[in-house]
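The structure under discussion appears below in the form of structure tokens.
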């Protein structure tokens, strides 16, 4: 899927994945002292805006210009600011030791880009920084509740543990949950959840 696909999906008045934050991200952020947070693949900004309301200094990255415009308008409704960069993650520079936390919410990429982005996120976390991820598992294949129908870009717990080996793992699990995030994430879904801390 290219940026034209996402620009078109995000161009309507409705929020594709709703306006409420991802529940797992919300729960995990509540365990942390607010600091600087990076959110790649942030789309329409529902998670970034929630984090900003909660006191985080948020950098969002996505290659959709319409996603950015929608996110900034949404942030303005709550009188908060998010720093939103329109960029291709293939070319994005993750600066070293920059962030206190990173959030990955249903960001699905081909394996080469996944490795590059996940490695970049590890690099950009400060020592003691926390990575929080909720992604569709390989067992989501065939379900109609959301996510790509391509096993290559779905994840397993073992894959996440391998990608995030440099981190100290706090949570690594697969769960069946009831998703209710807009029209495109709705119903019983299989997800993998990961929380790790940079040593």
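Just so it is clear, none of the values below were taken in a lab; they were calculated from the coordinates. Remember, predicted model here, so these are calculated numbers, not experimental data. Ideal geometry is used to build each Cβ from the backbone, glycine not excepted, and the neighbour counts take in all protein chains shown.
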* Structure fact -> Once residue 65 and residue 85 are pulled to full extension, the length gained, defined as 0.36 nm per residue separation minus their Cα-Cα distance, is 6.3 nm
* Label residue 186 and residue 96 with points 7 Å out from Cα along Cα→Cβ: what is the distance between them in nm? -> 4.8 nm
* So what is the calculated 222 nm ellipticity per residue for the chain, using -39500 (n - 2.57) for each DSSP H run with n of 4 or more, over all residues, to the nearest 500 deg cm²/dmol? -> -8000 deg cm²/dmol
* To do: Restricting to segment 3-198, compute how many DSSP beta bridges are antiparallel as a %, nearest 5.
  => 55 percent
* To do: Starting from the Cα gyration tensor of the chain, take the square roots of the eigenvalues, sort them a ≥ b ≥ c, and report rounded, prolate or oblate (rounded when a/c is under 1.5, otherwise prolate if a/b is larger than b/c, else oblate).
  => rounded
* Asked: Which FRET efficiency value, to the nearest 0.05, do you get for residue 123 and residue 172 by plugging their Cβ-Cβ distance into 1/(1 + (r/R0)^6) with R0 = 25 Å?
  -> 0.80
* How high is the relative contact order of segment 3-198, in percent, counting Cα pairs under 8 Å that sit 6 or more residues apart? -> 20 percent
